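Engineer: I am attaching a structure below and will ask some questions about it afterwards.
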Amino acid sequence: MCSPVVPDSADSPILVFLEPLGQDIHPASRNAINTALGLAGDTKRELCGVLLTAAFGAGQSAVLERSGLTAVYVFVNSLLGNFVLEEHLEVLLAFVKEKKPGVILFGATPESRALAPALAARLKTGVTADCTKVAFREDGLLLQTRPAFGGDVTAEIITPWARPQIATLRGLAPELPRRGPAGSKIIVNSAKIVNPRAQKAEWLDRVTEAAENAASNVLAIGGGVRRQEDVEIFRRLAGRLKAELMCSRALVERGWFTRQSQIGLSGRGVRAEALLAMGVSGSVQFMAGVMSGRICAVNLDKDAPIMLKADVPIAGDLYAVADALLRCV
Amino acid sequence: MKIAVCVKQVPSGDRPLDPRTGALIRAAGENVINPWDVYAVSAALQTARILKGTLTAISMGPPQAEETLRTAAAMGADSAVLVCGKEFGGADVYATAFTLARAIEKLGEFAIVFCGQQSTDGDTAQLPFSLAVQLGIPAVGWVKRIEKVSPGEMTVLQELGSGTQRLTFPFPAVIAAGMETCQPIPPSLKGRLKARGLAIQTLGPADLPCKGPYGLNASPTRVVKIERVHEQAKSQPLFLDPSAAARKIAEEMGVSANVLTSSS
Ligand SMILES: Cc1cc2nc3c(=O)[nH]c(=O)nc-3n(C[C@H](O)[C@H](O)[C@H](O)COP(=O)(O)OP(=O)(O)OC[C@H]3O[C@@H](n4cnc5c(N)ncnc54)[C@H](O)[C@@H]3O)c2cc1C
């Protein structure tokens, strides 16, 4: 297994796996496009995207035409409206075998984190998961940087002989910079799925809207809130701060909120002007959803990860601060 | 019906690195079963009970990973297999899944292979998907609930980026369980006693149906550098009394604060 299944050369394409989100594309895919544009820089590599979808709309087309990618290959099949891994894999694998990219970048959504290792296993290559950075080394290999051990260390990883070199990228991008006139070729094909589906799939709740919250203020509460009754205090506070009340996954897991209110990798992205985080530790998955804006944090633990990232890190008890805020605003 | 569950031994605690030296802590007694695998074993046990099947726990790791297999046995697994050999060392996800797939094939036909969705040390969440492909069977990942188990098929809820999906699928399949999948089943006293005496089958490279390569030599990826992160704080923490904190926050959020209630 020492010879690459898909040959690579210095000008083999860079492929970005794109995921649809309603009429737009997923913020994780936008981040992957931005990273790919940086990578392609002054190489001769073609930069292309691939999108698997049940229906391709004018909205997505308009976004992708200005993405800066040379070409976007869209594969349409009504079955792709659900996520049955084997069907997505069948379509993607056929395309990859034909296009022979040297590098494939995915966002780090659950769907992509399933598809990337499955594709890699079929091609006998590796995947570096949740990279925060990728760059070409002088010898042309892709240097893939990812946090390990809860973010205490970063590891640099290469894929020396297997091809393609595959990475999933952590991070969400609020929007795609508009790169001049509509320059990307959009090639729409119907996707062949030969094997009949053995599974039955249906959505219970579906995130179809662009999952960003662009409210100007957001109040996020987390595991530090002790009782479900206390949520009322913060709902009132959010009203006074003209903020939308959102939360970390800790509170969704307790059943106090639905995933519509969750900030983060498996929730929504926020692009607020100011975010007030109370009793939120600031895990990497939570922070992945914080796309812009100033951060105020109130946390008992002055060394909590969020306190390093906040513009205004306040070491203190969230109940005392909430109480004081309710008295003065 | 045969059911398997893959388990891994990991360093205990969220921070397996020594905070002063940055070295990996792997002292004896500080290793535990990967927390996600507790849910995988529990879900596998419940499934095995419903289907009147047997559960085999499988781990690839050094000899001391036997402890983790005994934990799975104490929870209720019927048998345990340690896939062990220095040739297996240094494996990345692809090579680990390759080895596990060959071991599982050697052990016979399993209707379902359960895995924890991810491990606390590797933290890639990739293994179940790679394993399924290398076994040539479907993968069902990001499972957050098992709704129904019947002899030929199963219905689960998957927590995906684009929503919650209900999936009904036939066997065989690899299932990756998240931490909400079920209540963890604590080891019973009887289970512990049984686990202590359980004979653990060991499989080395010579026992597997493929000559290899295994381990590092079969790994498409290489770690070239590990660096400790020293994150600089963006701002120094502020130790303010609640009313001063409140005024600071109000200012940041662009709302006017009522100075009358401030205490200073
Ligand atoms: C694949 C995957 C995806 C994930 N996606 C997400 C996601 O999208 N969003 C998300 O949020 N998480 C996500 N997580 C979970 C994430 O890893 C954390 O477990 C979660 O963010 C923890 O939430 P928390 O910080 O609110 O709670 P905790 O970890 O419980 O932290 C509570 C914080 O509150 C502080 N505190 C406690 N009491 C007080 C008090 N009285 N006053 C002030 N401070 C106090 C504590 O010091 C602590 O920092 C994901 C995990 C995985 C594995």
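The values are calculated or read from the model by the stated rules, or taken from the named source; none is laboratory data. Everything numeric in this text was worked out from a predicted model, so none of it was measured. Please note: Cβ atoms are built from the backbone with ideal geometry, for glycine as well, and neighbour counts cover all protein chains shown. Accessible surface is based on the protein model in full, side chains and every heavy atom, while ligands, DNA and RNA are left aside. Shrake-Rupley method; radii C 1.70, N 1.55, O 1.52, S 1.80 Å.
Engineer: What's the number of the only condition in (1) more than 20 Å from B:Gln201 (Cβ to Cβ); (2) modelled with pLDDT under 95 that B:Ile33 fails to meet?
Structural biologist: (1)
Engineer: Hey, another quick one. Within region B:187-210, how many residues turn out to be in a loop (DSSP other than H, G, I, E, B), exposed (fewer than 13 other Cβ atoms within 10 Å of the Cβ) and not small (Gly, Ala, Ser)?
Structural biologist: So the count comes out to 1.
Engineer: Quick one: how many residues across region A:251-274 are touching a Ser or Thr at 6+ places or on another chain (Cβ under 9 Å) and either at negative phi or of a type in the set (Ser, Thr, Tyr) (or both)?
Structural biologist: Residues that pass the stated criteria total 14.
Engineer: Looking only at region A:49-73, how many residues end up being open to solvent by 40 Å² or more (accessible area, probe 1.4 Å) and among the hydroxyl-bearing types (Ser, Thr, Tyr)?
Structural biologist: Selection size over region A:49-73: 1.
Engineer: Looking for whichever is away from chain B (no Cβ under 11 Å) and in a helix (DSSP H, G or I) here; the options are A:Leu237, A:Leu245, A:Leu251. Which one fits? Reasoning before the result, please.
Structural biologist: Working: A:Leu237 fails: away from chain B (no Cβ under 11 Å); A:Leu245 fails: in a helix (DSSP H, G or I).
So the residue among A:Leu237, A:Leu245, A:Leu251 that is away from chain B (no Cβ under 11 Å) and in a helix (DSSP H, G or I) is A:Leu251.
Engineer: Which number in (1) open to solvent by less than 20 Å² (accessible area, probe 1.4 Å); (2) in contact with a helix residue (DSSP H, G or I) (Cβ under 7 Å, 6 or more places away or on another chain); (3) at the interface with chain B (Cβ under 8 Å from one of its Cβ atoms) marks the one condition that A:Leu119 misses?
Structural biologist: (3)
Engineer: Okay, next question. Report, ordered by the first and then the second residue, all pairs with beta carbons closer than 8 Å, sequence separation of six or more or different chains, a first member in region A:312-329 that is more than 18 Å from A:Arg294 (Cα to Cα) and more than 7 Å from every other protein chain (Cβ to nearest Cβ), and a second member that is assigned to a helix (DSSP H, G or I) and away from the ligand (no atom under 13 Å from the Cβ).
Structural biologist: Matching pairs, first to second residue: A:Ala322/A:Leu237; A:Leu326/A:Arg236; A:Leu326/A:Leu237; A:Leu326/A:Arg240.
Engineer: Which members of region A:280-325 meet the condition of being modelled with pLDDT under 90 and over 21 Å from A:Arg226 (Cβ atoms)?
Structural biologist: Scanning region A:280-325 gives A:Val284, A:Gln285, A:Met287, A:Ala288, A:Gly289, A:Val290, A:Met291, A:Ser292, A:Gly293.
Engineer: Then there is this: Identify, from the list B:Pro237, B:Pro184, B:Pro213, B:Pro242, the residue that is facing another protein chain (nearest Cβ under 7 Å), over 26 Å from A:Arg146 (Cα atoms) and open to solvent by 50 Å² or more (accessible area, probe 1.4 Å).
Structural biologist: B:Pro242
Engineer: Going residue by residue through region A:74-84, is there one that turns out to be more than 8 Å from every other protein chain (Cβ to nearest Cβ), buried (at least 21 other Cβ atoms within 10 Å of the Cβ) and not in a loop (DSSP other than H, G, I, E, B)? Walk me through how you get there before you give the answer.
Structural biologist: Narrowing region A:74-84 to residues more than 8 Å from every other protein chain (Cβ to nearest Cβ): A:74-81.
Adding the requirement that they be buried (at least 21 other Cβ atoms within 10 Å of the Cβ) leaves A:74-75.
Next, from what is left, pick out any that are not in a loop (DSSP other than H, G, I, E, B): A:74-75.
Scanning region A:74-84 turns up at least one residue that is more than 8 Å from every other protein chain (Cβ to nearest Cβ), buried (at least 21 other Cβ atoms within 10 Å of the Cβ) and not in a loop (DSSP other than H, G, I, E, B).
Engineer: Run B:Tyr94 past the list (1) within 16 Å of the ligand (Cβ to nearest atom); (2) within 16 Å of the chain's Cα centre (by Cα) and report the number of the one that doesn't hold.
Structural biologist: (1)
Engineer: Quick test of your reading of the structure: B:Ser79 fulfils all but one of (1) open to solvent by 10 Å² or more (accessible area, probe 1.4 Å); (2) under 27 Å from B:Ala218 (Cα atoms); (3) in contact with a Leu (Cβ under 8 Å, 6 or more places away or on another chain). Name the failing condition by number.
Structural biologist: (2)
Engineer: Please enumerate the residues belonging to region A:131-162 that are within 9 Å of chain B (Cβ to nearest Cβ) and either crowded, with 22+ Cβ neighbours inside 10 Å or of a type in the set (A, V, I, L, M, F, W, C) (or both).
Structural biologist: Within region A:131-162, A:Leu143, A:Gln144, A:Arg146, A:Ala148, A:Phe149, A:Val153, A:Ala155, A:Ile157, A:Ile158, A:Thr159, A:Trp161, A:Ala162 meet the criteria.
Engineer: Just name the residue that is nearest to A:Ser9 (Cα to Cα) out of those in region A:105-116 that are within 13 Å of another protein chain (Cβ to nearest Cβ) and not in a helix (DSSP H, G or I).
Structural biologist: Applying the filter and picking the extreme gives A:Phe106.
Engineer: Of these, A:Arg268, A:Arg240, A:Arg259, A:Arg249, which one is more than 10 Å from the ligand (Cβ to nearest atom) and outside the structural domain of A:Leu21 (by TED's automatic domain parsing)?
Structural biologist: Of the residues listed, the single one that is more than 10 Å from the ligand (Cβ to nearest atom) and outside the structural domain of A:Leu21 (by TED's automatic domain parsing) is A:Arg240.
Engineer: For region B:211-242, what are the residues that are part of a loop (DSSP other than H, G, I, E, B) and among the acidic types (Asp, Glu)?
Structural biologist: B:Glu231, B:Asp241
Engineer: Still on this structure: Just for region A:279-304: of the residues that are more than 8 Å from the ligand (Cβ to nearest atom) and either in a helix (DSSP H, G or I) or open to solvent by less than 10 Å² (accessible area, probe 1.4 Å) (or both), which one is nearest to the other protein chains (Cβ to nearest Cβ)?
Structural biologist: A:Cys296
Engineer: Restricting to region B:157-178, what's the tally of residues that are assigned to a loop (DSSP other than H, G, I, E, B) and facing another protein chain (nearest Cβ under 8 Å)?
Structural biologist: So the first thing to find is which residues in region B:157-178 are assigned to a loop (DSSP other than H, G, I, E, B), and the list is B:161-162, B:171-172, B:178.
Checking which are facing another protein chain (nearest Cβ under 8 Å) leaves us with B:161-162.
Counting residues in region B:157-178 that are assigned to a loop (DSSP other than H, G, I, E, B) and facing another protein chain (nearest Cβ under 8 Å) gives 2.
Engineer: Next up: If B:Pro220 passes every condition in (1) open to solvent by less than 10 Å² (accessible area, probe 1.4 Å); (2) touching a Ser or Thr at 6+ places or on another chain (Cβ under 6 Å); (3) more than 7 Å from every other protein chain (Cβ to nearest Cβ); (4) more than 28 Å from B:Leu51 (Cα to Cα) but one, which one does it miss?
Structural biologist: That leaves (3) as the condition not met.
Engineer: I would also like to ask the following. Which one is nearest to the other protein chains (Cβ to nearest Cβ), of the residues in region B:109-148 that are open to solvent by 30 Å² or more (accessible area, probe 1.4 Å) and in a strand (DSSP E or B)?
Structural biologist: B:Trp142
Engineer: Pairs needed: first member in region A:260-282, under 16 Å from A:Asp301 (Cα atoms) and among the polar types (S, T, N, Q); second member anywhere, near the ligand (Cβ under 8 Å from one of its atoms) and assigned to a loop (DSSP other than H, G, I, E, B); C-beta distance under 9 Å; at least 6 residues apart or different chains.
Structural biologist: What qualifies is A:Ser281/A:Gly222; A:Ser281/A:Gly223; A:Ser281/A:Gly224; A:Ser281/A:Ser248; A:Ser281/A:Asp301; A:Ser281/A:Ala304.
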